[in-house]
Each structure stands twice: as structure tokens, then as C-alpha cells.
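The values are calculated or read from the model by the stated rules, or taken from the named source; none is laboratory data. Remember, predicted model here, so these are calculated numbers, not experimental data. Here the Cβ positions follow ideal geometry from the backbone for every residue, glycine too, while neighbour counts run over all protein chains shown. For accessibility, only protein heavy atoms count, side chains too; no ligands or nucleic acids. Shrake-Rupley method; radii C 1.70, N 1.55, O 1.52, S 1.80 Å.
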Amino acid sequence: PVDRSRLALMTLHGAKGLEFDHVFLVGVEEDLLPHRRSLAEGDASLDEERRLLYVGITRARRGLTLVRARTRTAHGRSRPREPSRFLREVAGRGLFEAARHNPHTQPSAEQVEGYLEAYRRLRGQS
């Protein structure tokens, strides 16, 4: 039996093959996802990072929340953060429109499926 009172924290790599009712992907911003090393390494690394995001998104059965920071503080300095380019690739699909107006609104199952379908088409997987 599954203990629903527990929270599982894991990397995107560790989530492969698993599913959860609710998934929170934290740090969906430039230099984290994709990671700055992947940005320097080129297209193949960027594609792998994109696939990792897809893995994370597809682990969600019922709810998906993507989180990014507007600023991060490191070494005593606060710096603005940009949303991940992967979010911008599918921004026109409407998944994030409701959340932009009301941060407590969760996207509908249809919006999430629309995002996933757009992502599959982007990756040539349809």
C-alpha cells in the first residue's frame, strides 16, 4: 500500500518509470532547466534536458505544478531569473494562461494534455 502522507523528493532522472498523483517541478528556469552546462554543450545536451522535463511532466497523473523563482540569492547577491526556454516553446498552448492571472489556479487536465500533445509534436513523437 502507498502511504499518501509522505512526500517523495527525487531528481528527474530518478523519476523515470514512476507515476504520482501530483508532481511539483521546481526550478524550471534558465541555467537550471536547461542547466548552464547543457547550454554550453549545445543542441544534443539541450535535447536531453528537454526530454528530462518531459519525463517530469509525464509523471503526473492528476496534478502538475511547475515552479520557477523570479529572483535567486547566491553569495549574498540577489539576481533576477528567467523562465526556462522550454516553457516559452509551448507558451502559446494556454497551459500557463490561467496561472499567470491567478497563481492559485491549476491547469485543467485538457490544458495539460494539450501541452503534452504540443510537446510531442515539437519532439516529432506524434
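Brief remarks on what is shown
- Test: residue in region 46-61 that is outside any helix (DSSP H, G or I), open to solvent by 80 Å² or more (accessible area, probe 1.4 Å) and modelled with pLDDT under 90: yes
- Checking each residue in region 62-90 for being surrounded by 12 or more Cβ atoms within 10 Å (Cβ to Cβ) and on the phi > 0 side of the Ramachandran plot picks out no residue at all.
- Failed condition for Arg37, given (1) surrounded by fewer than 18 Cβ atoms within 10 Å (Cβ to Cβ); (2) modelled with pLDDT under 85: (2)
- When Arg100 is tested against (1) surrounded by fewer than 14 Cβ atoms within 10 Å (Cβ to Cβ); (2) modelled with pLDDT of 85 or more; (3) among the basic types (Lys, Arg), just one condition goes unmet, and that condition is (2).
- Leading residue by the ranking (farthest from the chain's Cα centre (by Cα)) among those in region 1-43 that are among the polar types (S, T, N, Q) and within 21 Å of Gly63 (Cα to Cα): Ser5
- Residues in region 1-33 that are modelled with pLDDT under 90, assigned to a loop (DSSP other than H, G, I, E, B) and within 19 Å of Leu87 (Cβ to Cβ): 1 in all.
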